[in-house]
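Novice: Next up is a structure, given as C-alpha coordinates.
The values are calculated or read from the model by the stated rules, or taken from the named source; none is laboratory data. Just so it is clear, the structure is predicted and the values come from calculations on it, not from any experiment. All Cβ positions, glycine included, derive from the backbone under ideal geometry; neighbour counts span all protein chains shown. To get the accessible areas, we keep the full protein, side chains included, count just its heavy atoms, and leave off ligands, DNA and RNA. Shrake-Rupley method; radii C 1.70, N 1.55, O 1.52, S 1.80 Å.
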Amino acid sequence: MRKLLNTLYITQENYYVTRERDNIVIKEDGKVIKRFPYRILEGIICFSYLGVSPSAIQLCTEQNISLSFHTPQGKFCGRFIGTTNGNVLLRREQYRIADREDQSLEYAKRSITAKISNSRKYILRFHRDHKDVINHEKFITVENELSRSIQLVNSVTEKDSLRGVEGNAATSYFQVFDDFILSDKETFKFKGRSKRPPLTTVNALLSFGYSMLTYECQSALESIGLDSYVGYFHTDRPGRASLALDLVEEFRSYLVDQFVFSLINRKQISDKHFEFKENGSVMLNEKGRSIFLEAWQKRKYTEIVHPFINEKVKLMLLPYVQAQLLAKAIRGDLPSYPPFMT
(Lines give C-alpha, C1' and ligand atoms only; values in the text may rest on other atoms or scores of the structure.)
Protein backbone atom coordinates (compact mmCIF):
# COMPACT_ATOMS: atom_id res chain seq x y z
CA MET A 1 0.00 0.00 0.00
CA ARG A 2 1.38 3.34 -0.99
CA LYS A 3 1.94 5.69 1.92
CA LEU A 4 -0.43 8.66 1.87
CA LEU A 5 0.90 12.04 2.84
CA ASN A 6 -0.80 15.36 2.13
CA THR A 7 -2.86 16.72 -0.71
CA LEU A 8 -2.41 20.39 -1.58
CA TYR A 9 -5.59 22.15 -2.76
CA ILE A 10 -5.18 25.34 -4.80
CA THR A 11 -8.58 26.99 -4.34
CA GLN A 12 -7.83 30.60 -5.29
CA GLU A 13 -8.49 31.17 -8.98
CA ASN A 14 -5.60 33.63 -9.31
CA TYR A 15 -2.92 31.44 -7.70
CA TYR A 16 -0.08 30.10 -9.82
CA VAL A 17 1.94 27.00 -8.93
CA THR A 18 5.64 27.00 -9.65
CA ARG A 19 8.89 25.51 -8.36
CA GLU A 20 11.93 26.78 -6.50
CA ARG A 21 14.54 24.03 -6.13
CA ASP A 22 12.87 21.27 -4.07
CA ASN A 23 9.82 23.33 -3.15
CA ILE A 24 6.38 23.75 -4.66
CA VAL A 25 5.67 27.47 -4.50
CA ILE A 26 2.31 29.25 -4.64
CA LYS A 27 2.33 32.74 -6.11
CA GLU A 28 -0.20 35.51 -6.61
CA ASP A 29 0.71 38.35 -8.99
CA GLY A 30 4.34 37.27 -8.74
CA LYS A 31 4.39 37.37 -4.92
CA VAL A 32 5.16 34.18 -3.01
CA ILE A 33 2.18 33.18 -0.85
CA LYS A 34 3.50 29.90 0.49
CA ARG A 35 6.00 27.15 -0.25
CA PHE A 36 5.89 23.43 0.45
CA PRO A 37 8.76 20.89 0.32
CA TYR A 38 7.82 18.31 -2.31
CA ARG A 39 8.54 15.50 0.19
CA ILE A 40 5.40 16.26 2.19
CA LEU A 41 3.09 16.18 -0.85
CA GLU A 42 1.12 13.24 -2.19
CA GLY A 43 -0.95 15.19 -4.69
CA ILE A 44 -1.86 18.67 -5.92
CA ILE A 45 -5.41 19.62 -6.94
CA CYS A 46 -5.79 22.92 -8.78
CA PHE A 47 -9.00 24.94 -8.98
CA SER A 48 -7.07 27.68 -10.71
CA TYR A 49 -7.17 28.79 -14.34
CA LEU A 50 -3.61 30.13 -14.19
CA GLY A 51 -2.12 26.66 -13.97
CA VAL A 52 1.24 25.16 -13.12
CA SER A 53 4.71 25.93 -14.43
CA PRO A 54 6.60 23.34 -16.54
CA SER A 55 9.30 23.09 -13.85
CA ALA A 56 6.69 22.27 -11.20
CA ILE A 57 5.15 19.67 -13.51
CA GLN A 58 8.59 18.13 -13.98
CA LEU A 59 9.12 17.93 -10.23
CA CYS A 60 5.71 16.29 -9.73
CA THR A 61 6.48 13.75 -12.45
CA GLU A 62 9.90 12.90 -11.03
CA GLN A 63 8.59 12.54 -7.47
CA ASN A 64 5.34 10.73 -8.34
CA ILE A 65 3.14 13.58 -7.08
CA SER A 66 -0.27 13.43 -8.76
CA LEU A 67 -1.41 16.66 -10.40
CA SER A 68 -5.10 17.20 -11.07
CA PHE A 69 -6.96 20.13 -12.67
CA HIS A 70 -10.52 21.26 -11.94
CA THR A 71 -12.58 24.31 -12.77
CA PRO A 72 -13.32 26.63 -9.82
CA GLN A 73 -16.77 24.99 -9.74
CA GLY A 74 -15.15 21.62 -9.09
CA LYS A 75 -15.61 20.02 -12.52
CA PHE A 76 -12.80 17.57 -13.19
CA CYS A 77 -10.73 18.59 -16.24
CA GLY A 78 -7.93 16.04 -16.20
CA ARG A 79 -4.74 14.80 -14.62
CA PHE A 80 -1.16 15.23 -15.69
CA ILE A 81 0.44 11.84 -16.14
CA GLY A 82 4.16 11.47 -16.71
CA THR A 83 5.93 8.40 -18.02
CA THR A 84 3.58 5.42 -18.04
CA ASN A 85 4.53 2.80 -15.50
CA GLY A 86 2.91 -0.11 -13.78
CA ASN A 87 2.42 -3.77 -14.51
CA VAL A 88 1.93 -4.26 -18.25
CA LEU A 89 0.58 -7.79 -17.71
CA LEU A 90 -2.06 -6.44 -15.32
CA ARG A 91 -3.19 -3.85 -17.87
CA ARG A 92 -3.29 -6.36 -20.68
CA GLU A 93 -5.60 -8.58 -18.65
CA GLN A 94 -7.70 -5.54 -17.74
CA TYR A 95 -8.14 -4.78 -21.45
CA ARG A 96 -9.02 -8.40 -22.24
CA ILE A 97 -11.77 -8.40 -19.63
CA ALA A 98 -13.10 -5.07 -20.94
CA ASP A 99 -13.40 -6.63 -24.41
CA ARG A 100 -15.30 -9.67 -23.09
CA GLU A 101 -18.93 -8.74 -22.54
CA ASP A 102 -19.67 -11.55 -20.09
CA GLN A 103 -16.65 -10.90 -17.86
CA SER A 104 -16.90 -7.12 -17.84
CA LEU A 105 -20.62 -7.42 -17.04
CA GLU A 106 -19.82 -9.38 -13.88
CA TYR A 107 -17.47 -6.64 -12.67
CA ALA A 108 -20.06 -3.99 -13.51
CA LYS A 109 -22.81 -5.88 -11.67
CA ARG A 110 -20.69 -6.06 -8.53
CA SER A 111 -20.02 -2.31 -8.54
CA ILE A 112 -23.69 -1.45 -9.09
CA THR A 113 -24.84 -3.94 -6.45
CA ALA A 114 -22.52 -2.20 -3.99
CA LYS A 115 -23.77 1.24 -5.03
CA ILE A 116 -27.44 0.36 -4.52
CA SER A 117 -26.79 -1.61 -1.34
CA ASN A 118 -24.78 1.22 0.24
CA SER A 119 -27.50 3.71 -0.70
CA ARG A 120 -30.15 1.52 0.87
CA LYS A 121 -28.13 1.09 4.07
CA TYR A 122 -27.72 4.86 4.35
CA ILE A 123 -31.48 5.24 4.04
CA LEU A 124 -32.08 2.53 6.65
CA ARG A 125 -29.75 4.19 9.12
CA PHE A 126 -31.16 7.66 8.52
CA HIS A 127 -34.68 6.23 8.86
CA ARG A 128 -33.77 4.68 12.20
CA ASP A 129 -31.99 7.77 13.56
CA HIS A 130 -34.56 10.36 12.45
CA LYS A 131 -37.84 8.43 12.40
CA ASP A 132 -39.68 11.25 14.21
CA VAL A 133 -39.01 13.91 11.54
CA ILE A 134 -39.24 12.02 8.22
CA ASN A 135 -41.94 10.54 6.02
CA HIS A 136 -41.98 6.97 7.28
CA GLU A 137 -43.99 5.51 4.41
CA LYS A 138 -41.81 7.16 1.77
CA PHE A 139 -38.65 5.71 3.30
CA ILE A 140 -40.16 2.23 3.49
CA THR A 141 -41.21 2.46 -0.15
CA VAL A 142 -37.74 3.54 -1.32
CA GLU A 143 -36.03 0.90 0.83
CA ASN A 144 -38.17 -1.79 -0.80
CA GLU A 145 -37.57 -0.41 -4.30
CA LEU A 146 -33.81 -0.53 -3.77
CA SER A 147 -34.05 -4.09 -2.45
CA ARG A 148 -35.86 -5.09 -5.64
CA SER A 149 -33.24 -3.29 -7.71
CA ILE A 150 -30.47 -5.35 -6.11
CA GLN A 151 -32.32 -8.52 -7.06
CA LEU A 152 -32.74 -7.25 -10.62
CA VAL A 153 -29.01 -6.51 -10.91
CA ASN A 154 -28.27 -10.15 -10.21
CA SER A 155 -30.56 -11.28 -13.01
CA VAL A 156 -29.53 -8.96 -15.88
CA THR A 157 -27.64 -10.47 -18.80
CA GLU A 158 -26.42 -7.37 -20.64
CA LYS A 159 -25.13 -3.91 -19.77
CA ASP A 160 -27.97 -1.84 -21.20
CA SER A 161 -30.36 -3.62 -18.85
CA LEU A 162 -27.95 -3.03 -15.98
CA ARG A 163 -27.84 0.69 -16.79
CA GLY A 164 -31.62 0.74 -16.75
CA VAL A 165 -31.77 -0.87 -13.33
CA GLU A 166 -29.10 1.49 -12.01
CA GLY A 167 -30.94 4.52 -13.37
CA ASN A 168 -34.25 3.47 -11.81
CA ALA A 169 -32.55 2.81 -8.49
CA ALA A 170 -30.93 6.25 -8.57
CA THR A 171 -34.31 7.85 -9.26
CA SER A 172 -35.78 6.05 -6.24
CA TYR A 173 -32.84 7.02 -4.05
CA PHE A 174 -33.15 10.71 -4.96
CA GLN A 175 -36.77 10.70 -3.77
CA VAL A 176 -35.60 10.92 -0.15
CA PHE A 177 -32.79 13.43 -0.64
CA ASP A 178 -34.96 16.32 0.47
CA ASP A 179 -35.79 14.36 3.64
CA PHE A 180 -32.07 14.04 4.42
CA ILE A 181 -31.99 17.83 4.87
CA LEU A 182 -32.91 18.75 8.43
CA SER A 183 -31.58 22.33 8.51
CA ASP A 184 -32.27 25.45 6.39
CA LYS A 185 -34.58 23.67 3.97
CA GLU A 186 -35.21 26.90 2.08
CA THR A 187 -31.56 27.24 1.03
CA PHE A 188 -31.00 23.52 0.53
CA LYS A 189 -34.26 22.43 -1.06
CA PHE A 190 -33.58 19.36 -3.24
CA LYS A 191 -35.71 19.28 -6.39
CA GLY A 192 -33.82 16.63 -8.33
CA ARG A 193 -30.31 15.92 -9.55
CA SER A 194 -28.76 18.44 -11.96
CA LYS A 195 -25.14 18.13 -13.06
CA ARG A 196 -23.90 20.28 -15.95
CA PRO A 197 -24.31 22.80 -14.53
CA PRO A 198 -25.64 22.17 -11.00
CA LEU A 199 -28.75 24.28 -10.55
CA THR A 200 -29.17 24.15 -6.77
CA THR A 201 -26.98 24.42 -3.69
CA VAL A 202 -27.28 20.70 -2.90
CA ASN A 203 -26.32 19.76 -6.45
CA ALA A 204 -23.33 22.11 -6.29
CA LEU A 205 -22.13 20.33 -3.15
CA LEU A 206 -22.73 16.86 -4.59
CA SER A 207 -20.95 17.65 -7.86
CA PHE A 208 -17.98 19.10 -6.01
CA GLY A 209 -17.78 16.03 -3.79
CA TYR A 210 -18.07 13.57 -6.67
CA SER A 211 -15.32 15.46 -8.47
CA MET A 212 -13.03 15.06 -5.45
CA LEU A 213 -13.89 11.39 -5.18
CA THR A 214 -13.22 10.80 -8.89
CA TYR A 215 -9.76 12.31 -8.51
CA GLU A 216 -8.96 10.05 -5.56
CA CYS A 217 -10.27 6.92 -7.28
CA GLN A 218 -8.31 7.72 -10.43
CA SER A 219 -5.12 8.27 -8.43
CA ALA A 220 -5.65 4.99 -6.59
CA LEU A 221 -6.12 2.97 -9.78
CA GLU A 222 -3.16 4.52 -11.56
CA SER A 223 -0.93 4.04 -8.51
CA ILE A 224 -1.28 0.26 -8.60
CA GLY A 225 -0.89 -0.05 -12.37
CA LEU A 226 -4.46 -0.13 -13.71
CA ASP A 227 -5.63 2.04 -16.61
CA SER A 228 -8.24 4.37 -15.12
CA TYR A 229 -9.69 5.09 -18.58
CA VAL A 230 -10.81 1.53 -19.38
CA GLY A 231 -13.84 0.58 -17.31
CA TYR A 232 -16.43 -2.15 -17.17
CA PHE A 233 -19.69 -0.29 -16.50
CA HIS A 234 -19.02 3.16 -17.94
CA THR A 235 -18.40 3.09 -21.67
CA ASP A 236 -15.17 4.24 -23.27
CA ARG A 237 -15.11 7.91 -24.20
CA PRO A 238 -12.15 10.20 -24.96
CA GLY A 239 -11.03 11.91 -21.76
CA ARG A 240 -13.37 9.90 -19.54
CA ALA A 241 -11.78 7.96 -16.68
CA SER A 242 -14.29 5.12 -16.97
CA LEU A 243 -12.73 2.71 -14.47
CA ALA A 244 -12.42 5.52 -11.92
CA LEU A 245 -16.11 6.29 -12.42
CA ASP A 246 -16.89 2.60 -11.92
CA LEU A 247 -15.07 2.72 -8.59
CA VAL A 248 -16.79 5.98 -7.61
CA GLU A 249 -20.17 4.21 -7.78
CA GLU A 250 -19.28 2.09 -4.74
CA PHE A 251 -18.50 5.15 -2.61
CA ARG A 252 -21.09 7.74 -3.66
CA SER A 253 -23.50 7.42 -0.77
CA TYR A 254 -20.95 6.44 1.86
CA LEU A 255 -18.25 9.04 1.20
CA VAL A 256 -20.02 11.94 -0.54
CA ASP A 257 -23.77 11.95 0.10
CA GLN A 258 -23.49 11.40 3.85
CA PHE A 259 -20.74 13.99 4.05
CA VAL A 260 -22.73 16.63 2.13
CA PHE A 261 -25.86 16.21 4.25
CA SER A 262 -23.75 16.28 7.39
CA LEU A 263 -22.28 19.64 6.31
CA ILE A 264 -25.77 21.00 5.78
CA ASN A 265 -27.39 19.59 8.92
CA ARG A 266 -24.52 20.73 11.14
CA LYS A 267 -24.87 24.22 9.66
CA GLN A 268 -21.25 24.26 8.56
CA ILE A 269 -22.28 25.72 5.22
CA SER A 270 -24.95 28.26 4.28
CA ASP A 271 -26.28 30.34 1.39
CA LYS A 272 -23.42 32.84 1.76
CA HIS A 273 -20.98 30.15 0.59
CA PHE A 274 -22.43 29.93 -2.94
CA GLU A 275 -22.43 31.97 -6.12
CA PHE A 276 -25.73 32.15 -8.01
CA LYS A 277 -25.22 32.80 -11.72
CA GLU A 278 -27.55 34.54 -14.17
CA ASN A 279 -27.94 31.33 -16.18
CA GLY A 280 -29.32 29.57 -13.08
CA SER A 281 -26.20 27.61 -12.22
CA VAL A 282 -24.94 27.45 -8.65
CA MET A 283 -21.36 26.96 -7.50
CA LEU A 284 -19.41 27.08 -4.27
CA ASN A 285 -17.50 30.31 -3.79
CA GLU A 286 -13.95 30.49 -2.46
CA LYS A 287 -15.02 30.38 1.18
CA GLY A 288 -17.43 27.52 0.48
CA ARG A 289 -14.75 25.45 -1.22
CA SER A 290 -12.38 26.05 1.69
CA ILE A 291 -14.97 24.91 4.25
CA PHE A 292 -15.82 21.84 2.15
CA LEU A 293 -12.20 20.83 1.63
CA GLU A 294 -11.17 21.38 5.24
CA ALA A 295 -14.00 19.16 6.48
CA TRP A 296 -13.35 16.64 3.66
CA GLN A 297 -9.70 16.30 4.61
CA LYS A 298 -10.51 15.97 8.31
CA ARG A 299 -13.10 13.24 7.70
CA LYS A 300 -10.69 11.22 5.57
CA TYR A 301 -8.71 10.36 8.71
CA THR A 302 -11.71 8.58 10.25
CA GLU A 303 -11.02 4.87 10.68
CA ILE A 304 -13.41 2.03 9.90
CA VAL A 305 -13.04 -1.75 9.78
CA HIS A 306 -12.96 -2.71 6.10
CA PRO A 307 -15.75 -5.27 5.50
CA PHE A 308 -13.61 -7.57 3.33
CA ILE A 309 -10.06 -7.43 4.66
CA ASN A 310 -11.36 -7.01 8.25
CA GLU A 311 -8.68 -4.46 9.15
CA LYS A 312 -8.88 -0.86 10.33
CA VAL A 313 -8.57 1.52 7.39
CA LYS A 314 -8.73 5.31 7.16
CA LEU A 315 -11.42 6.57 4.79
CA MET A 316 -8.71 8.14 2.62
CA LEU A 317 -7.35 4.66 1.96
CA LEU A 318 -10.61 3.06 0.82
CA PRO A 319 -10.09 3.78 -2.91
CA TYR A 320 -6.56 2.36 -2.66
CA VAL A 321 -7.74 -0.80 -0.89
CA GLN A 322 -10.43 -1.35 -3.51
CA ALA A 323 -7.96 -0.70 -6.33
CA GLN A 324 -5.68 -3.35 -4.86
CA LEU A 325 -8.56 -5.83 -4.56
CA LEU A 326 -9.61 -5.10 -8.15
CA ALA A 327 -6.07 -5.71 -9.37
CA LYS A 328 -5.93 -9.01 -7.46
CA ALA A 329 -9.21 -10.13 -9.05
CA ILE A 330 -8.02 -9.18 -12.54
CA ARG A 331 -4.76 -11.09 -12.01
CA GLY A 332 -6.68 -14.12 -10.75
CA ASP A 333 -5.40 -13.90 -7.17
CA LEU A 334 -9.03 -13.58 -6.01
CA PRO A 335 -11.91 -15.65 -7.43
CA SER A 336 -14.01 -12.49 -7.90
CA TYR A 337 -13.88 -8.77 -7.14
CA PRO A 338 -15.25 -7.85 -3.67
CA PRO A 339 -16.75 -4.34 -4.00
CA PHE A 340 -16.96 -2.00 -1.02
CA MET A 341 -20.21 -2.68 0.81
CA THR A 342 -20.89 -1.23 4.25
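Novice: Placing unit charges on C-beta atoms (Lys and Arg positive, Asp and Glu negative, everything else neutral), compute the dipole magnitude of the chain about its Cα centre in debye, rounded to 20.
Specialist: Around 520 debye, computed over the chain.
Novice: LYS314 versus THR157, label points 7 Å from Cα toward the beta carbon: distance in nm?
Specialist: 4.8
Novice: Same structure again: Specify which residue in the list THR171, ALA114, ALA98 is farthest towards the positive end of the charge dipole of the chain, using unit charges on the beta carbon of Lys, Arg (+1) and Asp, Glu (-1), about the Cα centre.
Specialist: It is ALA114, whose Cα lies furthest towards the positive end.
Novice: Can you pull a Stokes-Einstein diffusion coefficient for the range 107-187 at 10 °C (1.306 mPa s), Rh from Kirkwood over Cα pairs, as a whole number of µm²/s?
Specialist: 120
Novice: Starting from the Cα-Cα distance between LYS34 and SER147, subtract it from 0.36 nm times their residue separation and give me the gain in nm to one decimal.
Specialist: 35.6 nm
Novice: Further question: Among the listed pairs LYS195/LYS277; LYS138/LYS159; LYS191/LYS272, give every one whose C-alpha distance is greater than 23 Å.
Specialist: Over 23 Å Cα-Cα: LYS138/LYS159.
Novice: Residue farthest toward the positive end of the dipole of the chain, with Cβ of Lys/Arg at +1 and Asp/Glu at -1: which of PRO307, ASN87, TYR16?
Specialist: TYR16
Novice: Using Stokes-Einstein with the Kirkwood hydrodynamic radius over Cα pairs, what translational diffusion coefficient do you get for the chain at 10 °C and a viscosity of 1.306 mPa s, in µm²/s rounded to a whole number?
Specialist: The Stokes-Einstein estimate is 75 µm²/s.
Novice: How big is D, in µm² s⁻¹, for the range 204-342 by Stokes-Einstein at 25 °C and 0.890 mPa s if Rh is the Kirkwood radius over C-alpha pairs?
Specialist: For the chosen part, D equals 151 µm²/s.
Novice: Could I ask something else about it? Along Cα→Cβ, 7 Å out, is where each label goes; now give me the distance between the ones at LEU334 and THR171 in nm to one decimal.
Specialist: Inter-label distance under the simple model: 3.2 nm.
Novice: Let me cross-check SER149: its accessible surface, 1.4 Å probe, with only protein heavy atoms counted, in Å² to the nearest 10?
Specialist: 10
Novice: Over the Cα atoms of the range 63-213, compute the convex hull volume and normalise it per residue, giving Å³.
Specialist: Residue-normalised Cα hull volume stands at 159 Å³.
Novice: What percentage of the solvent-accessible surface of the chain, computed with a 1.4 Å probe over protein heavy atoms, is contributed by carbon and sulfur atoms?
Specialist: Carbon and sulfur together cover 48 percent of it.
Novice: Before anything else, pin down the relative contact order of the chain: Cα pairs under 8 Å, at least 6 apart, normalised by residue count, whole percent.
Specialist: After rounding, I find 16 percent.
Novice: Determine the calculated [θ] at 222 nm for the chain from helices alone, applying -39500 (n - 2.57) to every DSSP H run no shorter than 4 residues and normalising by the residue count; nearest 500 deg cm²/dmol.
Specialist: -15000 deg cm²/dmol
Novice: Please give, to one decimal in nm, the separation of the simple spin-label points placed at ARG266 and ASN279, each 7 Å out from Cα toward the Cβ.
Specialist: 3.4
Novice: Enter the Cα centre distance for the pair the range 97-170 and the range 23-50, rounded to the nearest angstrom.
Specialist: When both Cα centres are located, 41 Å separates them.
Novice: Which value, in Å², gives the accessible area per residue of the chain when a 1.4 Å probe is used on the protein heavy atoms?
Specialist: Value for the chain: 48 Å² per residue.
Novice: Which order do TYR38, TYR337 take by accessible area at a 1.4 Å probe, largest first?
Specialist: The most accessible residue leads, giving TYR38, TYR337.
Novice: Provide the percentage of antiparallel DSSP beta bridges, counting only those with both residues in the chain; round to the nearest 5.
Specialist: Of the beta bridges lying entirely in the chain, close to 70 percent run antiparallel.
Novice: Could I ask something else about it? Which entries of LYS121/LYS300; LYS189/LYS287; LYS109/LYS300; LYS109/LYS298 have Cα-Cα distances beyond 23 Å here?
Specialist: In this structure, LYS109/LYS300; LYS109/LYS298 lie more than 23 Å apart at Cα.
Novice: Rank these by accessible area, largest first, 1.4 Å probe: TYR254, TYR173.
Specialist: Largest accessible area first, the residues go TYR254, TYR173.
Novice: Given charges of +1 on the Cβ of Lys and Arg and -1 on the Cβ of Asp and Glu, with all other atoms neutral, how large is the dipole of the range 97-155 about its Cα centre, in debye to the nearest 20?
Specialist: Computed about the Cα centre, the dipole is about 220 debye.
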